[in-house]
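Chemist: Input: one structure, supplied below.
The values are calculated or read from the model by the stated rules, or taken from the named source; none is laboratory data. Just so it is clear, the model here is predicted, and its values are computed rather than measured. Cβ: placed from backbone, ideal geometry, glycine included. Neighbour counts: every protein chain shown.
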Amino acid sequence: MDFEAEYSQNRTQMKRIKKEDKIYFIICAANLVVFLFSLFFLVVAGEKKYLLTSLASLLASAFGVWSLYKKHFSLAVAAVVLAMAEFVFVLIISVVSIFTILVFGVLPVFGVRNVMNVGTYNWLRQQDGFPYFEPKQRMNDLNRVQWGIKDPYTLKKERYEQNSTGHMDNI
């Protein structure tokens, strides 16, 4: 059975996508904390330079979560663009350090990975056996189709039974 190896490979890809989606969701949730801090500095300090950072972090997280939910390529690309814009705004506002590069560089990297996962997920969606990729389920479906197919003898017998009156008065 060739489809069993294909199903196994597709199932492995689906598990990897789901695992990376969970990690990206956590990163987007953590980015919302950045939004709250930026909003806090915007309100308390009156610094208008935090406005773009807070807006970009909110939109990047929202588009990121939305792309995880809908699995649309354009939403994932928009999330990456906004995450990169947030990264640039943070580099412009604050002192460039290894910490800022690590913290704010993670979201665009996982965003790009999400774009690739969305493409793979959309390809998997078109494959046979989606979303579980279980060979037993496919065999069950094939058997169910075979049970619905009747041989010509059974069809002829059913036609005779429908047309007959059920009485032997004519003989």
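Chemist: For residues in segment 17-61 being without any contact (Cβ under 8 Å) to a residue 40 or more places away in the chain and of a type in the set (D, E, K, R), which is surrounded by the fewest Cβ atoms within 10 Å (Cβ to Cβ)?
Modeler: It comes out as Lys48.
Chemist: Further, regarding this structure: Answer yes or no: is there a residue in segment 64-86 that is farther than 17 Å from Gly105 by Cα, surrounded by fewer than 18 Cβ atoms within 10 Å (Cβ to Cβ) and of a type in the set (A, V, I, L, M).
Modeler: Within segment 64-86, not a single residue is farther than 17 Å from Gly105 by Cα, surrounded by fewer than 18 Cβ atoms within 10 Å (Cβ to Cβ) and of a type in the set (A, V, I, L, M).
Chemist: Could you say whether any residue in segment 115-132 is modelled with pLDDT of 90 or more, closer than 30 Å to Lys48 by Cα and in a helix (DSSP H, G or I)?
Modeler: No, there is no match, as no residue in segment 115-132 is modelled with pLDDT of 90 or more, closer than 30 Å to Lys48 by Cα and in a helix (DSSP H, G or I).
Chemist: Something else: Looking only at segment 119-153, filter to residues that are touching a Lys or Arg at 6+ places or on another chain (Cβ under 9 Å) and not hydroxyl-bearing (Ser, Thr, Tyr); which one of those is surrounded by the most Cβ atoms within 10 Å (Cβ to Cβ)?
Modeler: Looking at residues that are touching a Lys or Arg at 6+ places or on another chain (Cβ under 9 Å) and not hydroxyl-bearing (Ser, Thr, Tyr), I get Phe133.
Chemist: Do we find that Tyr7 is surrounded by 14 or more Cβ atoms within 10 Å (Cβ to Cβ), at pLDDT below 90 and not charged (D, E, K, R) in this structure?
Modeler: It is true that Tyr7 is surrounded by 14 or more Cβ atoms within 10 Å (Cβ to Cβ), at pLDDT below 90 and not charged (D, E, K, R).
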